[in-house]
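This report refers to the structure that appears directly beneath it.
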Amino acid sequence: MDWPIDVDPQRLGGTPCFTGTRVPVASLFDHLRLGHTVAYFLEQFPTVTREQVEAVLRLAPRTLVRVG
């Protein structure tokens with residue numbers, strides 16, 4: 001799988017989005033924080049694939065540790 005996140009200054013002001021979409025990665029975490037399931041998120045954003053979500057969730061702990 002290619003990198004699941006894309007940052008393009010011409011799209012949503014450079015907000016990190018799922019690759020090939022205009023869906024901000026932060027919206028996944030917002031949905032999860034509100035108690036929604038990944039399945040619900042995917043229903044709301046059909047341009048995002050389960051593989052992309054799983055890749056982002058695998059990357060998050062390692063990335064957040066480096067940032068923090």
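The values are calculated or read from the model by the stated rules, or taken from the named source; none is laboratory data. These numbers come from a predicted model, not from an experiment. Quick reminder, even Gly has a Cβ in these numbers, built from the backbone with ideal geometry, and neighbours come from all protein chains shown. Surface areas here come from the heavy atoms of the whole protein model, side chains and all, with no ligands, DNA or RNA. Shrake-Rupley method; radii C 1.70, N 1.55, O 1.52, S 1.80 Å.
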Report the FRET efficiency, 1/(1 + (r/R0)^6), for L12 and E54, where r is their Cβ-Cβ distance and R0 is 35 Å, rounded to 0.05. 0.95
Residue-level accessible surface for F29, protein heavy atoms, 1.4 Å, Å²: 80 Å²
Dipole of the chain, positive direction: furthest Cα of G13, L42, A60, with charges on the beta-carbon: A60
Accessible area per residue, 1.4 Å probe, Å², for the chain: what's the number? 68 Å²
State the percentage of accessible surface on the chain attributable to carbon and sulfur atoms; use a 1.4 Å probe and exclude ligands, DNA and RNA. 58 percent
List the residues of the range 18-37 whose backbone N lies under 16 Å from a point placed 7 Å from the Cα of D2 along the Cα-to-Cβ direction. 18-23
Between (1) 17, 16, 12; (2) 28, 11, 10; (3) 26, 18, 9, which matches semi-axes √(5λ) of the Cα gyration tensor in Å calculated for the structure shown? (1)
Which value at 222 nm does the chain reach when only helices count, each DSSP H run of 4 or more adding -39,500 (n - 2.57), with the total divided by all residues and rounded to the nearest 500 deg cm²/dmol? -15500 deg cm²/dmol
